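Peer 1: To start, I am sharing the structure in question, which I have written as structure tokens.
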Amino acid sequence: MTPGGGEFRWELVVPRVVHPTKVTIIELLRERSPLTATEMYTVMKDEIEVTVGQVHYHAATLLKGGVLKLARGNPRGAATEKFYELAPQE
């Protein structure tokens, strides 16, 4: 029993908190890496409805959360092109 009554049902909660773009990024990087967010977008755009900006955002949040790590960065004008790979899971 959980506070608020009833049994806690993970199968109803997980789809609300786990974002499909994040899952797709992780699955893609399991197959090949390192990749930039733009490279990920190029592969993903035919599979899911997503913009390149959304891929950049979700890659950055996965990086901040320790799920991804930076493999390297290449300067591109005023910005740095970031290459992502999966971080070791401890």
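Peer 1: Might you let me know whether the range 5-20 holds any residue that is surrounded by 10 or more Cβ atoms within 10 Å (Cβ to Cβ) and touching a helix residue (DSSP H, G or I) at 6+ places or on another chain (Cβ under 6 Å)?
Peer 2: No, the range 5-20 contains no residue that is surrounded by 10 or more Cβ atoms within 10 Å (Cβ to Cβ) and touching a helix residue (DSSP H, G or I) at 6+ places or on another chain (Cβ under 6 Å).
Peer 1: Please name all residue pairs, on different chains or six or more residues apart, with Cβ atoms under 9 Å, provided the first residue is in the range 56-77 and is loosely packed, with under 11 Cβ neighbours inside 10 Å and the second residue is among the β-branched types (Val, Ile, Thr).
Peer 2: Matching pairs, first to second residue: 74/36; 74/80.
Peer 1: Residues in the range 40-51: is at least one touching a helix residue (DSSP H, G or I) at 6+ places or on another chain (Cβ under 8 Å), of a type in the set (S, T, N, Q) and surrounded by 13 or more Cβ atoms within 10 Å (Cβ to Cβ)?
Peer 2: Taking every residue of the range 40-51 in turn, none turns out to be touching a helix residue (DSSP H, G or I) at 6+ places or on another chain (Cβ under 8 Å), of a type in the set (S, T, N, Q) and surrounded by 13 or more Cβ atoms within 10 Å (Cβ to Cβ).
Peer 1: Would you confirm, using the coordinates I've provided, whether residue 85 is charged (D, E, K, R), out of contact with any strand residue (DSSP E or B) (no Cβ under 8 Å at 6 or more places or on another chain) and surrounded by 11 or more Cβ atoms within 10 Å (Cβ to Cβ)?
Peer 2: Answer is no for this residue.
Here, each number is a calculation from the coordinates, and none is a lab measurement. In this text the structure is predicted, and so the values were computed from the model without any measurement. Glycine gets a Cβ as well: all are built from the backbone with ideal geometry, and neighbour counts include every protein chain shown.
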